[in-house]
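Below: the structure, in structure tokens.
The values are calculated or read from the model by the stated rules, or taken from the named source; none is laboratory data. Keep in mind the model is a prediction, meaning the values are calculated, not measured. No Cβ is skipped: glycine too gets one built from the backbone with ideal geometry, and neighbour counts run over all protein chains shown. Side chains are part of the model used for accessible areas, which takes the heavy atoms of the whole protein and leaves out ligands, DNA and RNA. Shrake-Rupley method; radii C 1.70, N 1.55, O 1.52, S 1.80 Å.
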Amino acid sequence: MRRHHLAGIGIGPFNLSLAALAAPVDGLDAVFFDARPEFRWHPGLLVDGATLQVPFLADLVTLVDPTNPFSFLNYLRDRGRLLPFYFAERFHPLRAEYDDYGRWASARLRSCHFGHEVTGIRWAGDAFELTIAGKEPVLADNVVLGVGSVPSVPEPLRDLVADPDVLALHSADYLAHRDELLAAESVTVVGSGQSGAEVVLDLLRSRSTVDGLRWLARTPAFAPMEYSKLGLEQFTPDYTAYFRGLPEAVRDRLLPAQWQLYKGIDAETIGAIHDELYRRSINGPPGAVLTPGVEVVSASTVDGEVELGVRHAQQGRGGTLRTAAVVAATGYTETPTRSLLAGLGDAVRRDRRGRLEVGADYRVALDVPGPLFVQNAERHTHGPGAPDLGLGAWRAAVILNAVCGKTVHELPDRTAFTTFGLEEK
């Protein structure tokens, strides 16, 4: 049974960042597994023209090691697109471009193995043993979980989305059903974040008529993402350390209040939606209806249509809406790991709500000696920056330093101008 220093489970952007930063480290035997046949990044939402909400510097490596060969700029150079990128003056890459960048990097990293589904982890006395479907198990001194997130569908919509006979889907599957949605007599998009806005914008631009297009959101407004320079410092390691030092109950209250950090819409998309509605208004008010402050409380099918029960929070009253199709742009939740970690039994420590206890260096608290780390499964302990691409290289470097037991990458002590909280005298 082969033994590795480091094994990563899942090859999304964050474990891919770790693989890229680990590649030049002499003597480090690292391996990464993913059940999928190749790297793919939100393929159902690669709408033409859609961009990332972070600059190209938030790639796999640059914010830690700009000289690493797996930078976004080196990808452009290898593709023969560096000068076009320069003349395009783009600070935010296209989503489709980032998806291709991830495949480019993963194909060049010999440590990345697709088509390998890790089904279980157990402690084998002096190392972790990883069970891989249809293949020989492997041993690893350190394991990093980077299994990503899965679409989150609110309870009232789950049965509809699961029914193949109803045109109801999560936005993660938008492109697969786009033609049906363009042809549908009416479409209701539920969700106020960036994904919902991009779906609405594409439908506004592409449907022959926008009559019957409705956009509902629980948030009190279709609000812009926090993008002020000091506001963005809440995505720094300094803020992560401050957040982690707060009591658990305070963290749990704080996260929902920070929704504009990770559930808002970039101002350019909001502007494009308004521009499209304005263009459509030349011959009278467009038929699209945009209503914030509304929660879907029930859903059923009636006479071949979807009937949504809704409630307006501020008005305190409800009603019903009929629509031919529903797109639930309702975000993502962390991929459940209980079954994957079942072989570790009670050795995995959890908080009062059953969530993983995660330390400052992203190490899961375990009652066995082996280090188990997580990426993008620690928002409850490390704050809203956990799923943000801009912190990916930093977190990977922290984990890599811990795995190697030395400073592989120097990380600055101060990363924000803001001082979060009162300093101790």
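Charge tally around HIS274: other residues with Cβ under 12 Å, Lys/Arg +1 each, Asp/Glu -1 each, net -1. Averaging 1/r over every pair of different alpha carbons in region 300-342 and inverting the result gives a Kirkwood radius of 13.7 Å.
Computed over every Cα-Cα pair of region 64-126 and binned at 5 Å starting from 0, the pair-distance distribution P(r) comes out as 4, 13, 19, 20, 14, 8, 8, 6, 4, 3, 1, 0 percent. Pull up the DSSP beta bridges for region 207-321 and report the antiparallel fraction as a percent, rounded to 5. DSSP beta bridges in region 207-321 are roughly 75 percent antiparallel. Across all directions, the shadow cast by the convex hull of region 277-425 built on its C-alpha atoms averages 17.8 square nanometres.
Note that region 219-294 shows a convex hull volume over its alpha carbon atoms of 89 Å³ per residue.
This model, with +1 at the C-beta of Lys and Arg and -1 at the C-beta of Asp and Glu, gives the chain a dipole about its Cα centre of some 340 debye. Mind checking the log10 I(q)/I(0) for region 377-422 at q = 0.28 Å⁻¹? Debye, one equal scatterer per Cα, no solvent, two decimals. For the requested q values the scattering log ratios are -1.11.
Considering only Cα atoms, the convex hull volume of region 328-383 works out to 101 Å³ per residue. Among the protein heavy atoms, those of LYS263 account for about 100 Å² of accessible surface (1.4 Å probe, every chain in place). The charge dipole of region 6-96, taken about its Cα centre with unit charges on the Cβ atoms of Lys, Arg (+1), Asp and Glu (-1) only, comes to about 320 debye.
In the P(r) worked out for region 215-365, what percent of Cα pairs fall beyond 27 Å? Present the calculation step by step, with values, prior to reporting the outcome.
On the way: 5462 of 11325 pairs.
Of the Cα pairs, 48 percent sit more than 27 Å apart.
Charge tally around ASP211: other residues with Cβ under 13 Å, Lys/Arg +1 each, Asp/Glu -1 each, net +2. Overall size of region 130-172 from C-alpha positions, given as principal axis extents largest first: 46, 21, 16 Å. For region 288-374, the calculated P(r), taken from all Cα-Cα distances in 10 Å bins from zero up to the bin holding the longest distance, is 13, 30, 14, 18, 21, 4 percent. Within the shell of other residues whose beta carbon sits under 15 angstrom from the beta carbon of PRO164, the net charge comes to -4, with Lys and Arg scored +1 and Asp and Glu -1.
If the viscosity is 1.002 mPa s and the temperature 20 °C, what Stokes-Einstein diffusion coefficient in µm²/s follows for region 155-209 when Rh is the Kirkwood radius over Cα pairs? Please report the intermediate quantities before stating the final value.
Numbers: Rh = 11.8 Å.
Here the translational diffusion coefficient equals 181 µm²/s.
With the convex hull constructed from alpha-carbon coordinates only, region 52-202 shows a mean projected area of 13.9 nm² over all directions.
With all protein chains present and a 1.4 Å probe, how do MET1, MET225 order by accessible area, largest first? Can you show the working numbers first?
Numbers: MET1 135, MET225 35 Å².
The ranking, largest first, comes out as MET1, MET225.
The calculated P(r) of region 171-300, using every Cα pair and 5 Å bins from 0, goes 2, 9, 17, 19, 17, 13, 9, 7, 5, 3, 1, 0 in percent. For a straight C-alpha distance cut-off of 18 angstrom, the aspartates and glutamates reachable from LYS406 (same-chain residues fewer than eight places away being disregarded) are ASP26, ASP29, ASP65, ASP141, ASP361. Remark: C-alpha extents of the chain on the principal axes read 68, 56, 52 Å, sorted largest to smallest. If you fit an axis through the alpha-carbon atoms of helix 392-404 and take the longest principal axis of the Cα set of the chain, what angle between them do you get, 0 to 90°, nearest 10? Taking Cα atoms only, the helix is inclined about 20 degrees. Backbone phi angles across region 61-75, fed through the Karplus curve with coefficients 6.51, -1.76 and 1.60 (θ = phi - 60°), yield HN-Hα couplings of 9, 4, 6, 10, 9, x, 8, 5, x, 9, 6, 5, 5, 5, 4 Hz in residue order; Gly and Pro are listed as x. Dividing the mean sequence gap of close Cα pairs (under 8 Å, 6+ apart) by how many residues region 155-224 holds gives a relative contact order of 29 percent. Built from the Cα atoms of region 87-158, the convex hull projects on average onto 9.2 nm², one quarter of its surface area.
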